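Enquirer: Encoded as structure tokens, here's the structure I'll be asking about.
The values are calculated or read from the model by the stated rules, or taken from the named source; none is laboratory data. What you see is a predicted model; the values in this text were computed from it and never measured. Cβ placement follows ideal geometry from the backbone for every residue including glycine, while neighbour counts extend to all protein chains displayed.
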Amino acid sequence: MRHLLGFASGLLFGLGLVLSGMANPAKVLNFLDLAGSWDPSLGFVMGGALLVTFLGYRMVWRKSTPVFSDRFDLPSSTQIDRPLVLGAALFGIGWGIGGFCPGPAWVALPLLAPGAIVFLPMMLIGLWLGEKGRNLSTLSPKGTR
């Protein structure tokens with residue numbers, strides 16, 4: 001049941017991305033182009049997402065445990081460190097250059113959007129390189145963790 005609900009949630013999310021225009025990189029780039037052909041319509045999409053998230057979290061926190069798990073899986077660190085800032089900057093630069101963030105890129109792939117066909121493999125390579133770099137940085141001088 002958990003997998004079925006996860007699939008249905010992903011399908012609904014993907015449909016929302018397509019209907020809102022988030023899977024269209026030109027629309028996203030126009031939203032980011034404040035000095036040119038600015039399109040403020042995605043601001044409403046983001047505002048709606050913030051409202052749904054705010055209300056959803058208020059409802060969820062009333063429960064002692066999630067419906068399909070023993071505990072809530074929340075980040076334990078609240079530290080703002082160099083990897084977090086660099087990752088956020090790279091994410092923003094990639095979004096600004098390509099017009100995609102990961103969710104909409106996956107949704108645009110079956111639509112055969114040319115940008116998604118280039119963006120997704122590069123994103124996956126970047127994720128792999130980032131994981132390799134993180135693993136290398138945690139090695140001790142003797143080559144062990």
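Enquirer: Quick one: would you say Gly103 is in contact (Cβ under 8 Å) with a residue 12 or more places away in the chain and touching a Cys at 6+ places or on another chain (Cβ under 9 Å)?
Expert: Values: in contact (Cβ under 8 Å) with a residue 12 or more places away in the chain: yes; touching a Cys at 6+ places or on another chain (Cβ under 9 Å): no.
When the stated conditions are applied, Gly103 does not pass them.
Enquirer: Evaluate the following for Gly94: is it surrounded by 11 or more Cβ atoms within 10 Å (Cβ to Cβ), modelled with pLDDT under 85, touching a Pro at 6+ places or on another chain (Cβ under 6 Å) and not basic (Lys, Arg)? Write out each step before concluding.
Expert: Values: surrounded by 11 or more Cβ atoms within 10 Å (Cβ to Cβ): yes; modelled with pLDDT under 85: yes; touching a Pro at 6+ places or on another chain (Cβ under 6 Å): no; not basic (Lys, Arg): yes.
So Gly94 fails the test.
Enquirer: Can you find a residue that is part of a loop (DSSP other than H, G, I, E, B), at negative phi, over 16 Å from the mean Cα position of the chain (by Cα) and modelled with pLDDT under 85 anywhere in the range 40-61? Explain how you work it out, then say what you get.
Expert: Let us first name the residues in the range 40-61 that are part of a loop (DSSP other than H, G, I, E, B), namely 40, 61.
Next, from what is left, pick out any that are at negative phi: 40, 61.
The next check asks that each one be over 16 Å from the mean Cα position of the chain (by Cα); those that pass are 40, 61.
Imposing the further condition that a residue be modelled with pLDDT under 85 reduces the set to none.
No: the range 40-61 contains no residue that is part of a loop (DSSP other than H, G, I, E, B), at negative phi, over 16 Å from the mean Cα position of the chain (by Cα) and modelled with pLDDT under 85.
Enquirer: If you go through the range 59-78 one residue at a time, do you hit one that is hydroxyl-bearing (Ser, Thr, Tyr), farther than 17 Å from Phe13 by Cβ and surrounded by 10 or more Cβ atoms within 10 Å (Cβ to Cβ)? Working first, answer last.
Expert: Residues of the range 59-78 hydroxyl-bearing (Ser, Thr, Tyr): 64-65, 69, 76-78.
Next, only the ones that are farther than 17 Å from Phe13 by Cβ stay: 64-65, 69, 76-78.
Okay, now just the ones that are also surrounded by 10 or more Cβ atoms within 10 Å (Cβ to Cβ), so none.
Within the range 59-78, not a single residue is hydroxyl-bearing (Ser, Thr, Tyr), farther than 17 Å from Phe13 by Cβ and surrounded by 10 or more Cβ atoms within 10 Å (Cβ to Cβ).
Enquirer: If you don't mind, another one. Please pick out the residue among Ser140, Ser76, Ser64 that is modelled with pLDDT under 85 and in a loop (DSSP other than H, G, I, E, B).
Expert: Values: Ser76 fails: modelled with pLDDT under 85; Ser64 fails: modelled with pLDDT under 85.
Just a single option satisfies the conditions, and that option is Ser140.
Enquirer: Can you tell me how many residues in the range 1-44 are free of Cβ contacts under 8 Å to residues at least 60 places away in the same chain and out of contact with any Asp or Glu (no Cβ under 9 Å at 6 or more places or on another chain)?
Expert: Of the residues in the range 1-44, 23 are free of Cβ contacts under 8 Å to residues at least 60 places away in the same chain and out of contact with any Asp or Glu (no Cβ under 9 Å at 6 or more places or on another chain).
Enquirer: Same structure, new question: Restricting the search to the range 90-100, which residues are under 11 Å from the mean Cα position of the chain (by Cα) and touching a residue at least 60 places away in the same chain (Cβ under 8 Å)?
Expert: Of everything in the range 90-100, those that are under 11 Å from the mean Cα position of the chain (by Cα) and touching a residue at least 60 places away in the same chain (Cβ under 8 Å) turn out to be Trp95, Phe100.
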